[in-house]
Amino acid sequence: MPDLGKLCLLVALILAVYSIFANVYGARRGRGDFILSGRHALWAMCAMVTIAVIALWNGLLRSDFTLEYVASYSSTTLPTVYKFTSLWGGQQGSLLFWTWLLSIFTSIAAFQNRRRNPDTAPYALAVMAGVAIFFLFMLNFITRPFDLISPVPIEGSDLNPLLQNYWMAIHPPSLYTGYVSSTIPFAFGAAALITAKLDDSWIRSTRRWAIFSWFFLTLGNMFGARWAYEVLGWGGYWAWDPVENAAFMPWLVMTAYLHSVMIQERKDMLKVWNLALIGLAFSLTLFGTFITRSGVISSVHSFTQSGLGPYFLAFLIAIVTCYTALLIWRSPDLRSPAEFESYLSREAAFLFNNLVLVGIAFAVFWGTIFPVLSEWVRGVKITVGPPFFNRVNGPLALALIFLMGVGPLIAWRRTTADRLLRSFAAPVILGVSAGLVAILSGIHEWYAATGFSLAAFVLGTIIVEFRRGVSARRHMVSEPPARALVNLVAKNNRRYGGYIIHIGVLAAFVGIIGSSFFKVEVKKSVAIGESFTIGSFSLKYLGLDQHENAHLEQATARLAMMHDGREVTVINPAKLFYKRQQQPATAVAIRSTPFADLYVVLAGLDDNGNRATFEVFLTPLVFWLWAGGLLMAMGTVVVMWPNVRERAAIAVAIGRSRAEEYAGEAASGGGR
Amino acid sequence: MLLAAAPRAFAAARPTVSQVSQGLTCQCGCGLTVANCNHPSCSFSVPLRGEIEAMISHGETREQILAYYRHKFGEKILSAPTTEGFNLLAWTMPFAAILLGGGFIALAFTRWRNGPLPAGKSPAASEPSAFDSDLRRRLENELKENR
């Protein structure tokens, strides 16, 4: 199998190179047979990479320690599910996994465009093949997953204990899916620039891919945060680690892109900006990979560090340079008749939303690279950690939430003061009331009170939007309220799915404020039978259970959780010791409610377990962060739900583009 | 109700170990703050948290404790850049960039605003009426489709 894997990767590389040639030659010479052959080559490339992935999975599941990768990231005692996830637990495997996703997405895009976009698709596929060539080159010559080891060890080194968690089983695939799928809109953007087909057909054709990418970036970030919350044992979920930042930046830029393309679709403006944004989003995914794997900046994700940084940097520079050159080359053709009437318009709100989103992305980027700059300029190593990011991004987040409320309620082109007053009166009253309630409840932190107030204001604007839509349906199609609501969302899924996403963002924002400002912690050492309190809860140490198997030793504490003198439940924080890697780890116990999470860490054991030390966090509202993530995911599903009218719009846009082209050809007196 | 009920009881009066140790970076190589270091028996963060606890119980403020550790370990121990010299760039650049972007947008708006409107589009044409014109248009399309 290792030889088969190696061979497949080599053939995949050759096929990717051929596909570029066939697609570009076919498109330039109008040779449909070459274009078809280039597409087939991409499908064959996908098949080859799939076989290579199966070969590595086979090695992992069979604990074939002749493979260096299997010996380094697996063991005979590793649970089967983690043998399976070890594919993305190490350097070579994760790159192979990345390449596999890329080949799958490229194949799907090739299939979708077998008749659509005949002018741009071959170039877009050539760009995707170009990206695949980089990864296949790395897998064939630089970081090979099928290298053999000699002498063959009897046992493997095992997977890093931090990765032996179900959230880690799904966090990297989600994030990689988000990263890799951004290649498709990027490639079509680049193809639009190459072919000078600069209308919005490339945006419409790849809109679902962009949303798909955003969806998985959202999930990837959320799963990563949840993993940190459950595994790292410090009561938090986000530490502004460089690798977390690297995953957050493309999400921010992709969010900006998804909003700004609406202006181009609606008003044919911002062509350069949208092309720049998709280029930036894709470049940031590469930057994230560079950060993760280079070790240039120290990170909690050090297990992925390697000497691959320079290759990724070179590829990143090549992509940014080529794409920027294309943008500059085409800039005279990208000018559009701009039309702008008022700052009180939806397009203005969207532009400021873009400014803040890209501003936050820049702040995160700047904070991430500043330690490197400081070392270059001053020769002094400094750290840029959570206090910096919280202080800089905090006010920007408030501005973003405010704009989230303003944008949807004001009309395109312009809004009158009278209409503005009518639309915003109720949400403003709700927002101000929430702020007052917060202050009267004893919340004196201005940020938290303002944040709660703004969240209520934005929720108010969304309710107004739903109410207005339902009322319009009831008035014009005489539907009962519940049916009107369902039809409103079903028939305008893009708009109202977007509002559901906004509600998710608000819930997450409330969760972040609650958990950031009002978390309390207690550290106590207690003997069996003793109790201690935190907030309105009391915890009684009942005893310790010890288990051992071939893979790990586990000491699990039993704690009775009491509220108002009544036992609510028994929770079980544990200490683990992974034998193969000789590494300790913690398994936290979390009791979650919409009001607060009780988060218990077994921090230490004395006197054979008769005495134990617990670190306990009471974190208000953090539940809403995860609920918000779920709502964002649900909203995205609604947005992506197939919509007949949307398909018709795509067909019209593509048809218009072709008609313009034929008209141009007729005017110039001939074809190619 | 939720907003009122949740946080009231939890507001803290004096610095906690967590609040202070968030300001310090663990030197064990984990890349996290002293508060967040995830190594259960870390030789750096565990004793430091003990020291910080003692200092807080002696009445020292967060700033005093951070200054003490900066003197002892150098600037790299702080989890955020100072607000002096070159480090000021770290704090100001993001806002400067946003101001620059805002200025650019304002400039672009002015240019676009002065440009001619396409034929047949008067400002009054977009003025919304009783129902949002967009909603009305979409509803009418739907009705047409269903006929």
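Can you work out which of the residues in segment A:218-267 that are surrounded by 21 or more Cβ atoms within 10 Å (Cβ to Cβ) and polar (S, T, N, Q) is nearest to A:GLY189 (Cα to Cα)? Looking at residues that are surrounded by 21 or more Cβ atoms within 10 Å (Cβ to Cβ) and polar (S, T, N, Q), I get A:SER260.
Residue by residue, here is whether (1) within 14 Å of chain B (Cβ to nearest Cβ); (2) of a type outside the set (Lys, Arg) holds:
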residue: A:ILE194; (1), (2): no, yes
residue: A:LYS197; (1), (2): no, no
residue: A:THR206; (1), (2): no, yes
residue: A:ILE211; (1), (2): no, yes
residue: A:TRP214; (1), (2): no, yes
residue: A:ALA228; (1), (2): yes, yes
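If you go through segment B:66-91 and keep only what is open to solvent by 30 Å² or more (accessible area, probe 1.4 Å) and among the aromatic types (Phe, Trp, Tyr), you end up with B:TYR68, B:PHE73, B:PHE86, B:TRP91. Of all residues in segment A:606-639, those satisfying the criterion of being modelled with pLDDT under 90 and assigned to a helix (DSSP H, G or I) are A:ASP607, A:ASN608, A:GLY609.
Considered as a group, the residues in segment A:288-319 that are open to solvent by less than 40 Å² (accessible area, probe 1.4 Å) and at pLDDT 90 or above include one that is nearest to the chain's Cα centre (by Cα), and that residue is A:LEU316. Identify the residue in segment A:452-472 that is at pLDDT below 90 and open to solvent by less than 10 Å² (accessible area, probe 1.4 Å) and, among all such residues, is farthest from the other protein chains (Cβ to nearest Cβ). Step by step, filter segment A:452-472, then rank; the result is A:GLU465.
Taking the criterion of being facing another protein chain (nearest Cβ under 10 Å) and either open to solvent by 30 Å² or more (accessible area, probe 1.4 Å) or over 24 Å from A:PRO573 (Cα atoms) (or both), the residues of segment B:28-61 that qualify are B:GLY29, B:GLY31, B:HIS39, B:PRO40, B:SER41, B:VAL46, B:ARG49, B:GLU53.
Filtering segment A:414-440 to residues that are at the interface with another protein chain (Cβ under 9 Å from one of its Cβ atoms) and crowded, with 17+ Cβ neighbours inside 10 Å leaves A:ARG414, A:THR415, A:ARG419, A:ALA434, A:VAL437, A:ALA438.
Filtered by the rule that a residue be over 20 Å from B:THR110 (Cα atoms) and surrounded by 18 or more Cβ atoms within 10 Å (Cβ to Cβ), segment A:330-355 gives a lone residue, A:ARG330.
Could you please find all residues in segment A:368-394 being more than 7 Å from chain B (Cβ to nearest Cβ), assigned to a helix (DSSP H, G or I) and not β-branched (Val, Ile, Thr)?
Selection gives A:PRO371, A:LEU373, A:GLU375, A:TRP376, A:PHE389, A:ASN390, A:ARG391, A:ASN393, A:GLY394.
Against the numbered list (1) of a type in the set (Gly, Ala, Ser); (2) more than 24 Å from A:VAL489 (Cα to Cα); (3) surrounded by fewer than 21 Cβ atoms within 10 Å (Cβ to Cβ), A:ALA449 comes up short only at (3).
Within segment A:544-594, the set of residues being surrounded by 18 or more Cβ atoms within 10 Å (Cβ to Cβ), within 14 Å of chain B (Cβ to nearest Cβ) and assigned to a loop (DSSP other than H, G, I, E, B) comprises A:PRO573, A:VAL588. In segment A:354-361, is there at least one residue being outside any helix (DSSP H, G or I), within 14 Å of chain B (Cβ to nearest Cβ) and not aromatic (Phe, Trp, Tyr)? There is no residue in segment A:354-361 that is outside any helix (DSSP H, G or I), within 14 Å of chain B (Cβ to nearest Cβ) and not aromatic (Phe, Trp, Tyr). Scanning segment A:510-535 for residues that are touching a helix residue (DSSP H, G or I) at 6+ places or on another chain (Cβ under 7 Å), open to solvent by 20 Å² or more (accessible area, probe 1.4 Å) and not charged (D, E, K, R) yields A:VAL510, A:ILE512, A:PHE517, A:VAL520, A:GLY535. Taking the criterion of being within 11 Å of another protein chain (Cβ to nearest Cβ) and part of a helix (DSSP H, G or I), the residues of segment A:395-413 that qualify are A:PRO395, A:LEU396, A:ALA399, A:PRO408, A:LEU409.
Yes/no matrix, rows are residues, columns are (1) in contact (Cβ under 8 Å) with a residue 40 or more places away in the chain; (2) more than 30 Å from A:MET269 (Cα to Cα):
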| residue | (1), (2) |
| --- | --- |
| A:LEU409 | yes, no |
| A:ARG419 | no, no |
| A:PHE424 | no, no |
| A:SER441 | no, yes |
| A:ALA455 | yes, yes |
| A:LEU459 | yes, no |
| A:ARG473 | no, yes |
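The values are calculated or read from the model by the stated rules, or taken from the named source; none is laboratory data. Because the structure is predicted, anything quoted here is derived from the model rather than measured. Note: ideal-geometry Cβ built from the backbone for every residue, glycine included; neighbour counts use all protein chains shown. Each accessible area value is taken on the protein alone, full model and side chains, heavy atoms only, with ligands, DNA and RNA left out. Shrake-Rupley method; radii C 1.70, N 1.55, O 1.52, S 1.80 Å.
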